[in-house]
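Engineer: Dumping the structure here so I can ask a few things about it.
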Amino acid sequence: MRPTGAGVHERLRAATWSATDTTHFMNIREMTPADLPRTAFWHRTALPQAFFTRLGPRFLRRWQQTYLDSPHAIALVAERTDVLPPQPVAFLLAATDAQAHQAHVLCHHRLSLTVLGLGALLGRPAVLVRFLRTRAGRYIQRMAHLPTTGGLASQASPTATDAACGCPPPTSTSSTDPAQAHRARVAVVVALVVDVKVRRSGVGRALLDAFTLRAAQAGADRAELVTAWASDAEAFYDECGWSRSTMRPNRDGSFVSPFHLALGAEVPPAECARHAAGPVATSSD
């Protein structure tokens, strides 16, 4: 007798998902608020020492939500469609224009993130000390819209919606300034996390390709990300066609490898599908 109903669903859930199945059983979709508890948990598990993850799940969910709301950001989920219901297995968060996204967050989410962040810091003395030592001055400048030399906030232009909500521009730079009008638009991947069970199946590559396509369509000239130095993810991005820069320490003293990609450039075949797509260290905290 052929199994039906719940029996079929259980067999589908138990099915393995090999690299050869990827194109048939994978779907990439926009992230929704319902995904946030899962993606925040994955983010904390993959990057437990990252600053934002140490502020707790509530703050992390709220921060991830800014990528759902911003017109200058991308939030994607890859899910298996060979099970019922479809099972999310990976996610990507990125800004298609890092400067404009930051301006949007300052305008629309500053109060809620500040309240949640302060509450999280007060309950985590070790994280509070880390914040005061490495980030406090720069964050205060951002929140007050003061120029930060070389910082994103000092160069961002407010969007039409930012102006409509009454938020002042980050600086008094005129929109007719040629340097501002022709500034390079940089897209930044802040998180790419793939479930260990489906690594080496092409899921990470598919999410990365979806990001670069959408970022290029949004007008970005260049894409950037950082990942942990001497990690498996370095080989993944190397073979995906991204160019590696010299390793450097981040604000917390850990070494990271920066990568960049000229959007619209030729990308080698999907060699990177053979490598485990490890998590990308957050680059905007």
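The values are calculated or read from the model by the stated rules, or taken from the named source; none is laboratory data. Here the structure is a predicted model, which is why all the values come from computation and not from measurement. All Cβ positions, even for glycine, are placed from backbone atoms using ideal geometry, and neighbour counts span all protein chains on display. Accessible surface is based on the protein model in full, side chains and every heavy atom, while ligands, DNA and RNA are left aside. Shrake-Rupley method; radii C 1.70, N 1.55, O 1.52, S 1.80 Å.
Engineer: Taking the stretch 60-71 as the region of interest, how many residues are closer than 10 Å to residue 105 by Cα and of a type outside the set (S, T, N, Q)?
Structural biologist: Selection size over the stretch 60-71: 3.
Engineer: Give me the pairs, please: first residue somewhere in the stretch 108-122 and within 14 Å of residue 65 (Cα to Cα), second residue anywhere and open to solvent by 40 Å² or more (accessible area, probe 1.4 Å), beta-carbon distance under 6 Å, and either six or more positions apart or on two chains.
Structural biologist: That search, which allows pairs on different chains as well, returns 116/62.
Engineer: Further, regarding this structure: Which residue is surrounded by the most Cβ atoms within 10 Å (Cβ to Cβ), if the candidates are limited to the stretch 34-58 and must be among the aromatic types (Phe, Trp, Tyr) and either without any contact (Cβ under 8 Å) to a residue 40 or more places away in the chain or under 19 Å from residue 252 (Cα atoms) (or both)?
Structural biologist: To start, the set of residues in the stretch 34-58 that are among the aromatic types (Phe, Trp, Tyr) comprises 41-42, 51-52.
Filter again for either without any contact (Cβ under 8 Å) to a residue 40 or more places away in the chain or under 19 Å from residue 252 (Cα atoms) (or both), leaving 41, 51-52.
Working: 41: 13, 51: 17, 52: 21.
Taking the candidates together, the pick is 52.
Engineer: Sticking with this structure for a sec: Look at residue 218 and say whether it is of a type in the set (Gly, Ala, Ser), closer than 18 Å to residue 28 by Cβ and either out of contact with any Leu (no Cβ under 9 Å at 6 or more places or on another chain) or at pLDDT below 95 (or both).
Structural biologist: On the way: of a type in the set (Gly, Ala, Ser): yes; closer than 18 Å to residue 28 by Cβ: yes; either out of contact with any Leu (no Cβ under 9 Å at 6 or more places or on another chain) or at pLDDT below 95 (or both): yes.
Here the answer is yes, as residue 218 does meet what is asked.
Engineer: Quick check, is residue 221 under 15 Å from residue 98 (Cα atoms) and either touching a Pro at 6+ places or on another chain (Cβ under 6 Å) or among the acidic types (Asp, Glu) (or both)?
Structural biologist: Criteria met by residue 221.
Engineer: Inspect the stretch 230-245 for any residue being charged (D, E, K, R), under 17 Å from residue 100 (Cα atoms) and open to solvent by 70 Å² or more (accessible area, probe 1.4 Å) and give the result as yes or no. Walk me through how you get there before you give the answer.
Structural biologist: So in the stretch 230-245, the residues charged (D, E, K, R) come out as 232, 234, 238-239, 244.
Subsequent filtering for residues that are under 17 Å from residue 100 (Cα atoms) retains none.
No, the stretch 230-245 contains no residue that is charged (D, E, K, R), under 17 Å from residue 100 (Cα atoms) and open to solvent by 70 Å² or more (accessible area, probe 1.4 Å).
Engineer: Could you please find all residues in the stretch 197-229 being without any contact (Cβ under 8 Å) to a residue 60 or more places away in the chain, open to solvent by 50 Å² or more (accessible area, probe 1.4 Å) and of a type outside the set (Asp, Glu)?
Structural biologist: Those that are without any contact (Cβ under 8 Å) to a residue 60 or more places away in the chain, open to solvent by 50 Å² or more (accessible area, probe 1.4 Å) and of a type outside the set (Asp, Glu): 213, 217, 222, 229.
Engineer: Need the failing condition index for residue 99 against (1) open to solvent by less than 10 Å² (accessible area, probe 1.4 Å); (2) in contact with a Leu (Cβ under 6 Å, 6 or more places away or on another chain), just the number.
Structural biologist: It is condition (1) that residue 99 fails.
Engineer: Sort out which residues of the stretch 59-73 are among the polar types (S, T, N, Q) and either in contact with a Pro (Cβ under 9 Å, 6 or more places away or on another chain) or open to solvent by 20 Å² or more (accessible area, probe 1.4 Å) (or both), and write them in order of number.
Structural biologist: Correct list: 65 only.
Engineer: At negative phi and modelled with pLDDT of 90 or more, is that true of residue 38?
Structural biologist: yes
Engineer: Hey, another quick one. Could you list, in sequence order, all residues of the stretch 75-87 that are open to solvent by 10 Å² or more (accessible area, probe 1.4 Å) and either within 13 Å of the chain's Cα centre (by Cα) or among the hydrophobic types (A, V, I, L, M, F, W, C) (or both)?
Structural biologist: Listed by number, the list holds a single entry, 84.
Engineer: In addition: Does the stretch 239-261 hold any residues that are in contact (Cβ under 8 Å) with a residue 24 or more places away in the chain and of a type outside the set (A, V, I, L, M), and which are they? Walk me through it before giving the result.
Structural biologist: The first filter runs over the stretch 239-261 and keeps only residues in contact (Cβ under 8 Å) with a residue 24 or more places away in the chain, leaving 239-241, 250-252, 254-261.
Answer for the stretch 239-261, where residues must be in contact (Cβ under 8 Å) with a residue 24 or more places away in the chain and of a type outside the set (A, V, I, L, M): 239, 240, 241, 250, 251, 252, 254, 255, 257, 258, 259, 260.
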